[in-house]
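Q: Quick one: structure below, then a few questions.
The values are calculated or read from the model by the stated rules, or taken from the named source; none is laboratory data. Since this is a predicted model, take the numbers as computed values, not measurements. Every residue, glycine as well, gets a Cβ built from its backbone with ideal geometry; the counts of neighbours run over all protein chains shown. In case anyone asks, the SASA skips ligands and DNA or RNA and just uses the protein heavy atoms, side chains included. Shrake-Rupley method; radii C 1.70, N 1.55, O 1.52, S 1.80 Å.
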Amino acid sequence: MASNLATVVAFEVKRTLRTKVFWIAALVVPVLFAAIMFISARATADAVSTSAQPASFSWEYVDDSGLVSDSVARAAGGVKITDAAQGMDDVLTGKVEAFIHYPADPTAQATQVAGQDVGVIDSGRYTSMAIGVLQASASASVGDPRLVTLATGDIQVDQTTYANGQRSGGVGEVIPPLIFLAVLYLVMIMQGNRMLESSLEEKENRVTEMILTTIKPSSLLAGKVVSLIIVGVIQMMVTILPVLVAYLIVRGHSAVGGLLSSLEFEPTRMIIGALLLIAAFLLFTAGCVAIGAAVPTVKDASAMFTVVMLVLLLPLFVVQVVISNPNATVVQVFTYFPLTAPVTGLIRNALGSLTWWQGLIEAAIALLCAWAVFWLAVRIYQYGSIEYDKKIDLRSVLARR
């Protein structure tokens, strides 16, 4: 039996790893992540460079309020006029790029801004100019820019939070454990069809009888499950390792790197997150294999697979409740219900509302459920592996000895 199991595992793993589709699917996520980090870093650098340069567009303004400082507006490239209609005509004819009309009371009336369309993002510079000149004029009038800053509410605040007398990491401590949830979600999407097909392909190809003459159904199914676990772990590693390498490279070298440097990998949360990820993956694998063993075709398995996916990811639909009130009844039910425990636990673990012993209980529940589902899958496969045309009756399978 051991040799047959090893043969099945080796065959399934080698066959999967030799396909280009597997490596493309596994590498596309880290490649996209690296591309996004690079683009974000470049965009941030460009934004900083642009903000350091003076306004590079021509504009006119009418000031009915008397609050705009001529010297401030002139330094920003503005030209004061007295006729609002003229300002609008100058924009329409292309003489200037923008026209700003300050009303008599800018605090109660809207400042009118007209400008040449230079794109949704870049066109925002006209409004920024209108507000910036008015604020700078107010600062010049008051004589103390700090008073204007305080009045507008543009105040820098450095907040530090503490848990049990120890400094907590805030958002930087939440993001790393959430990586486990993202990896689980990606693996479920990329591995789901392969898991279904693994226990269905012999049925669809009508070769089950030939295979079962040389190997027991339990050994065949066990080998497939072990191979799926190995392939899933490889896919996780292929997804995670490039992300970690990119993190180490970018950290401290850009604005994005500065954000990444604020991440904190709290050991307990990371260990609990890893355990919950493993438990959830095994439960998902066992569920897919059981579905494949119970139905004759992939088409029949699709509907049941969708139900399994929805149940496992059900906590995401009430994530607001999980975040705001982790002691709510629905959250507690999801925390200890086998099919929803892993994802609920991963979310609560990242947010810090899950204790280490609760995490261990959740992982144990999911692992026990995975073992029970796998046992059921073996029973179904033993008595239904050659049923090519109909679904397996679960009651009759459980009634057999």
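Q: Going through the cross-link list LYS20/LYS224; LYS20/LYS299; LYS224/LYS299, which pairs have a Cα-Cα distance over 22 Å in this structure? Working shown, then result.
A: On the way: LYS20/LYS224 20 Å; LYS20/LYS299 24 Å; LYS224/LYS299 20 Å.
Check vs 22 Å cut-off fails for LYS20/LYS299.
Q: Can you tally the net charge around LEU276? Count Lys and Arg as +1, Asp and Glu as -1, for every other residue whose Cβ sits under 15 Å from the Cβ of LEU276.
A: On the way: positive: ARG269, ARG348; negative: GLU266, GLU362.
That sum, taken over residues with Cβ under 15 Å, equals 0.
Q: Simple spin-label model, 7 Å along Cα-to-Cβ: ALA10 to VAL245 in nm?
A: In this crude spin-label approximation the distance works out to 3.0 nm.
Q: What FRET efficiency comes out for ALA75 versus ALA108 if R0 is 25 angstrom and r is the Cβ-Cβ distance? Round to the nearest 0.05. It would help to have the intermediate numbers written out before the result.
A: Numbers: r = 27 Å, r/R0 = 1.09.
Plugging the Cβ-Cβ distance into 1/(1 + (r/R0)^6) gives 0.35.
Q: I've got another one for you. Roughly how many nanometres apart are two label points built 7 Å out from the Cα toward the Cβ at PHE57 and THR306?
A: Distance between the two pseudo-spin positions: 4.8 nm.
Q: Additional query: When Lys and Arg each count +1 and Asp and Glu each count -1, what net charge do the other residues less than 13 Å away from VAL79, Cβ to Cβ, add up to? Provide the component values of the computation, followed by the final result.
A: Working: positive: ARG74, LYS80, LYS95; negative: GLU60, ASP63, ASP70, ASP83, ASP90, GLU97.
Value of the local net charge: -3.
Q: In what sequence, largest accessible area first, do TRP59, TRP356 appear using a 1.4 Å probe? Could you put the intermediate results ahead of the total?
A: Values: TRP59 0, TRP356 155 Å².
Solvent-accessible surface, decreasing: TRP356, TRP59.
Q: While we're looking at this one, here's another question. Quick check: pseudo-label points 7 Å beyond the Cα along Cα→Cβ at ALA182 and THR268, how many nm apart are they?
A: 2.5 nm
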